[in-house]
Amino acid sequence: MPKITYIEHDGTEHPMEVPVGLTVMQGAVDNSVPGIDADCGGACACATCHVYVDPEWLGKTGTPNEQEASMLSFAAVTESNSRLSCQIEVTSELDGLIVRMPEGQH
Amino acid sequence: MDANVQLDAIAEAAAVPLDQLDIADPRRFADDTIWPFFARLRREAPVHYCADSPYGPYWSLTRYQDILATEIDHASFSSDTSLGGIQIEDQPKALARPSFIRMDPPKHDEQRKVVSPIVAPANLARMETTIRERAGKIIDELPRGEIFDWVDRVSIELTIQMLATLFDYPFENRRQLTYWSDVAVCNVNDPTSPVHSEEERFAELKNMAAAMSKLWNERVNAPPQHDLISMLAHGESTRNMQPNEFMGTLALLIVGGNDTTRNSISGGLHALSQNPDEYRKLRENPALIPNMVSEIIRWQTPVAHMRRTATVDTEIGGKTIRAGEKVVMWYVSGNRDETMIPDADRFIIDRKRPRQHLSFGFGIHRCVGNRLAEMQLRIVWEEILARLPQIEVVSEPERVLSNFLRGIKRMDVRIPA
Ligand code: HEM
Ligand code: FES
């Protein structure tokens, strides 16, 4: 199973094994990793699953589609490597992925 | 609630022919008998057409997933004032008060981005201490051993102090904001409302705009501050707003930040008083507060519906909705949808996934102030639990005659001496 490391805003690391086919958001929620709320359950409609993708991995996680970009544009504290984690599907390619959490989900 | 009234409603809900059901009748919201009607629609006609009502013909969506799908598809379902806006009742065209909640992209997006930094995480953290101090003071000053109105003394006072802070409005005049909020949303046909016609409403809101313009003029020439008026005065896409738009945006922020939170504070206490086991759970474990806050917001659903207007022919749940038709998304029903929320008809403060509710909407219009609202409610309950072992609700809440805002006007309580 691909390993994904979730890093909280305060630096706490949560290395998790996440099955292929789930989303990066589901991997966090299913393992009770704090810092990802995912209020809309993955419908790309709330922006409370916001993460910063480690720059090394940006090539493999792809880019936001139009709906994601529009939701992201309303989120607080976004950066150029911001993504909604419910829109990143876990593949074997993403084994080792590192994502960091923002200061708050909004 | 009167058990007979409740039983009559259940019988009526089962008997009424679906093609004659006008689910928006505000009287059923005021006497809280709406539930069996929504349950029937969710079961038998989740995408329901009402051909004739005081608001004209309209569609009702009552299931969680249909509402979510409609929220996301803002290209097919518009919020724009020119098509009728966001409430089942069209805003009269001549008196329109546009604001970004009643706009589609791209203008909506630009204006929303000006306002949203005020509730960004760092700003919220800065406000927390002030809110906590004020909440503590309000609770300390409550009478003991006598009956008083919780809505007036706690819910209104707390939210209005917060709002005065957000606008940096003269603190001693803060009840003016409550008044304008009531004016902006009240049902003009309700005899107890502060205004009784759309013209009167518009005139009062003009007074609000005048008072705010004064502050605006002071702040536009001063360095930018963290309050909302200063932010709007300095914002690229808001500094040149037309008078109507200025009025609409202020009304949006006043109502958004006021009524909804107020009613969640009242509704939460009512729900706890009706569910003593949950109240006991809470007293034994105050760590449940954040979870409970989400449950209160689901339970109360302070905004009962939002409306959209179809811009193209679209299909939802096998029904064809034509361009130009009115679609009402009943959050208050979606929040009781058993297929999404287990035991949806029960108030459970430690339920799993409490944040899964429709009360803040979803998609590009999702509530800007949702974190602020949650923070306020969390602090209120933390401060209440630290001070008051018991609050007895001694009267049935008096509810607002409205199918848009689920509000509580008055609720008598007593804190044992
Ligand atoms: C429990 C409290 C609250 C509830 C239930 C609530 C509910 C809502 C709902 C249902 C919407 C529309 C969502 C949609 O159309 O999809 C909304 C939008 C909005 N709310 Fe709230 N709200 C609350 C508190 C607040 C607060 C405290 C503020 C003040 C900062 C606020 C400001 C706004 C604004 C500005 C919008 C318009 C957003 C847009 O159109 O992009 N709300 N709210
Ligand atoms: S979970 Fe709502 S946008 Fe990702």
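The values are calculated or read from the model by the stated rules, or taken from the named source; none is laboratory data. Owing to the predicted nature of the structure, the values given are computational and were not obtained by experimental measurement. With ideal geometry, Cβ positions are generated from the backbone for all residues, glycine too; neighbour counts draw on all protein chains shown. Calculation scope for accessible area: heavy atoms of the full protein, side chains included, ligands and nucleic acids excluded. Shrake-Rupley method; radii C 1.70, N 1.55, O 1.52, S 1.80 Å.
Could you go through region B:137-155 and let me know if any residue there is within 14 Å of chain A (Cβ to nearest Cβ), touching a residue at least 60 places away in the same chain (Cβ under 8 Å) and either at negative phi or of a type in the set (Lys, Arg) (or both). Reasoning before the result, please.
Going through region B:137-155, the residues within 14 Å of chain A (Cβ to nearest Cβ) turn out to be none.
No, the conditions are met nowhere in region B:137-155.
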Restricting attention to region A:36-52, does a residue exist that is within 13 Å of ligand 2 (Cβ to nearest atom) and charged (D, E, K, R)?
yes
If B:Thr129 passes every condition in (1) touching a helix residue (DSSP H, G or I) at 6+ places or on another chain (Cβ under 6 Å); (2) more than 30 Å from B:Ala310 (Cα to Cα) but one, which one does it miss?
(1)
Lone unmet requirement of (1) within 16 Å of ligand 2 (Cβ to nearest atom); (2) more than 16 Å from B:Thr260 (Cβ to Cβ) for B:Glu325
(1)
Check off (1) in contact (Cβ under 8 Å) with a residue 12 or more places away in the chain; (2) open to solvent by 20 Å² or more (accessible area, probe 1.4 Å); (3) not acidic (Asp, Glu) for B:Gly248 and give me the number that stays unchecked.
(2)
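Go through the residues of region B:209-226 one by one and say whether even a single one is β-branched (Val, Ile, Thr) and surrounded by 18 or more Cβ atoms within 10 Å (Cβ to Cβ). Explain how you work it out, then say what you get.
Initially, region B:209-226 is screened for residues β-branched (Val, Ile, Thr), giving B:220.
Retained after the next criterion (residues that are surrounded by 18 or more Cβ atoms within 10 Å (Cβ to Cβ)): none.
No, region B:209-226 contains no residue that is β-branched (Val, Ile, Thr) and surrounded by 18 or more Cβ atoms within 10 Å (Cβ to Cβ).
What residue, of B:Glu338, B:Glu325, B:Glu315, B:Glu295, is over 30 Å from B:Ala51 (Cβ atoms) and not polar (S, T, N, Q)? Walk me through how you get there before you give the answer.
Numbers: B:Glu338 fails: over 30 Å from B:Ala51 (Cβ atoms); B:Glu325 fails: over 30 Å from B:Ala51 (Cβ atoms); B:Glu315 fails: over 30 Å from B:Ala51 (Cβ atoms).
From the options B:Glu338, B:Glu325, B:Glu315, B:Glu295, the qualifying one is B:Glu295.
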Which of the residues belonging to region B:263-277 are closer than 17 Å to B:Ala30 by Cα and either touching a His at 6+ places or on another chain (Cβ under 6 Å) or outside any helix (DSSP H, G or I) (or both)?
none
Which numbered condition in (1) without any contact (Cβ under 8 Å) to a residue 60 or more places away in the chain; (2) aliphatic (A, V, I, L, M); (3) buried (at least 17 other Cβ atoms within 10 Å of the Cβ); (4) assigned to a helix (DSSP H, G or I) is the only one that B:Leu232 fails?
(1)
Take the residues in region B:357-376 that are within 14 Å of ligand 2 (Cβ to nearest atom) and hydrophobic (A, V, I, L, M, F, W, C), then tell me which one is farthest from A:Gln105 (Cα to Cα).
B:Leu358
Hey, could you check region B:386-417 for residues that are open to solvent by less than 30 Å² (accessible area, probe 1.4 Å) and over 24 Å from the mean Cα position of the chain (by Cα) and say which is farthest from B:Glu146 (Cα to Cα)?
B:Leu388
Out of curiosity, is B:Asp140 under 30 Å from B:Pro416 (Cβ atoms), in contact with a strand residue (DSSP E or B) (Cβ under 6 Å, 6 or more places away or on another chain) and away from ligand 1 (no atom under 16 Å from the Cβ)?
no
Checking the condition more than 16 Å from ligand 1 (Cβ to nearest atom), within 14 Å of another protein chain (Cβ to nearest Cβ) and in contact (Cβ under 8 Å) with a residue 40 or more places away in the chain, which residue from A:Leu97, A:Leu84 passes?
A:Leu84
Read through the list (1) outside any helix (DSSP H, G or I); (2) in contact (Cβ under 8 Å) with a residue 12 or more places away in the chain; (3) over 30 Å from B:Lys214 (Cβ atoms), then give the number of the only condition that B:Tyr169 fails.
(3)
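Could you check region B:360-371 and list, in sequence order, the residues that are open to solvent by less than 10 Å² (accessible area, probe 1.4 Å) and more than 8 Å from chain A (Cβ to nearest Cβ)?
Scanning region B:360-371 gives a single hit, B:Gly361.
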